[in-house]
Amino acid sequence: MMRILFLLYLVCFSALSGAGEIKYAKAEHEGKEYRLNLTMEVDAGQEDLVALLSDHDNFHQLSAVMSESGLVPDAPEDATRRRLVVKTCIVFFCFKVVMVEDVEQFPEGRLVAVMVPEQSDFKSGRAEWHVKPLGPDRSEIVYSFSLQPDFWIPPGIGPFILKRKMIKEAKTSILNMERLAEVGYMESE
């Protein structure tokens, strides 16, 4: 019986060790600004990942805390403006925030999103994804963002928990990206 349990453990551990992982994570809080820098390896090709990140209507599928995503209909003609709704809790403080960002896609798997403060619950914000191929079905994502909320976060423990939550959410997003890419997700399909 012990041998069977050990073999099951090895099989499960092998399957998990092949999955995507966070290689580097640093969450910081300074004043009212929050920053996150991540380097992740994901079991999905660059093309699939860029399609996932630029599918604005389905972007919310990448994270359990995002309840809505989609393009803003009255955006300036030269902008791709995305609206995200995030619902989450820090300790006993639960909140719903809106993020409206102008998203620009660059060659070689790079996307940049800049917050539109007058339509968001944030004073400022910027996110950048750089998806680099490591092989046909494996990529590295270098992700960074900085946000300055325009709402109250409980002092003391709030920032500490928010930083931990950001890293935990990134791990969940990796699994969601892999799951969506595994079923052959492509924006054009």
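State the number of residues belonging to segment 96-123 that are over 15 Å from Phe59 (Cα atoms) and in contact (Cβ under 8 Å) with a residue 40 or more places away in the chain.
4
Which number in (1) surrounded by 15 or more Cβ atoms within 10 Å (Cβ to Cβ); (2) modelled with pLDDT of 95 or more marks the one condition that Pro117 misses?
(1)
Here are some residues: Val131, Val98, Val112. Which one is within 18 Å of the chain's Cα centre (by Cα) and crowded, with 17+ Cβ neighbours inside 10 Å? Show your work before the answer.
Working: Val98 fails: crowded, with 17+ Cβ neighbours inside 10 Å; Val112 fails: crowded, with 17+ Cβ neighbours inside 10 Å.
Of Val131, Val98, Val112, the one residue that is within 18 Å of the chain's Cα centre (by Cα) and crowded, with 17+ Cβ neighbours inside 10 Å is Val131.
Out of the residues in segment 134-153 that are over 13 Å from the mean Cα position of the chain (by Cα) and assigned to a strand (DSSP E or B), state the one that is surrounded by the most Cβ atoms within 10 Å (Cβ to Cβ).
Going through the qualifying residues, I end up with Ser139.
Specify which of the listed residues (Ser124, Ser69) is touching a Pro at 6+ places or on another chain (Cβ under 7 Å), in a strand (DSSP E or B), under 22 Å from Lys165 (Cα atoms) and small (Gly, Ala, Ser).
Only one candidate passes the filter, namely Ser124.
Looking only at residues in segment 39-57 that are of a type in the set (Asp, Glu) and part of a loop (DSSP other than H, G, I, E, B), which one is nearest to Gly109 (Cα to Cα)?
Filtering segment 39-57 for residues that are of a type in the set (Asp, Glu) and part of a loop (DSSP other than H, G, I, E, B), the one nearest to Gly109 (Cα to Cα) comes out as Asp55.
So which residues in segment 158-185 are touching a helix residue (DSSP H, G or I) at 6+ places or on another chain (Cβ under 9 Å), modelled with pLDDT of 70 or more and either closer than 26 Å to Tyr34 by Cβ or among the small types (Gly, Ala, Ser) (or both), if there are any at all?
Thr172, Ser173, Asn176, Met177, Ala181 - these are the residues of segment 158-185 that are touching a helix residue (DSSP H, G or I) at 6+ places or on another chain (Cβ under 9 Å), modelled with pLDDT of 70 or more and either closer than 26 Å to Tyr34 by Cβ or among the small types (Gly, Ala, Ser) (or both).
Across segment 39-84, what is the number of residues that are in contact with a strand residue (DSSP E or B) (Cβ under 8 Å, 6 or more places away or on another chain), of a type in the set (Asp, Glu) and more than 18 Å from Trp129 (Cβ to Cβ)?
Summing the residues that are in contact with a strand residue (DSSP E or B) (Cβ under 8 Å, 6 or more places away or on another chain), of a type in the set (Asp, Glu) and more than 18 Å from Trp129 (Cβ to Cβ) in segment 39-84 gives 1.
Tally the residues that are in a strand (DSSP E or B), closer than 21 Å to His130 by Cα and in contact with a helix residue (DSSP H, G or I) (Cβ under 7 Å, 6 or more places away or on another chain), restricting the search to segment 85-111.
If we filter segment 85-111 for residues that are in a strand (DSSP E or B), which is where we start, we get 85-90, 93-106, 110-111.
Of the ones still in play, those that are also closer than 21 Å to His130 by Cα are 99-106, 110-111.
This time we only want the ones that are in contact with a helix residue (DSSP H, G or I) (Cβ under 7 Å, 6 or more places away or on another chain), so: 100, 111.
Residues in segment 85-111 being in a strand (DSSP E or B), closer than 21 Å to His130 by Cα and in contact with a helix residue (DSSP H, G or I) (Cβ under 7 Å, 6 or more places away or on another chain): 2 in total.
Report, by residue number, each residue of segment 63-89 that is in contact (Cβ under 8 Å) with a residue 40 or more places away in the chain, among the hydrophobic types (A, V, I, L, M, F, W, C) and closer than 22 Å to Asn176 by Cα.
Those that are in contact (Cβ under 8 Å) with a residue 40 or more places away in the chain, among the hydrophobic types (A, V, I, L, M, F, W, C) and closer than 22 Å to Asn176 by Cα: Ala64, Val65.
The values are calculated or read from the model by the stated rules, or taken from the named source; none is laboratory data. Source: prediction; values computed, not measured. Note that we place each Cβ from the backbone using ideal geometry, even for glycine, and neighbour counts take in every protein chain shown.
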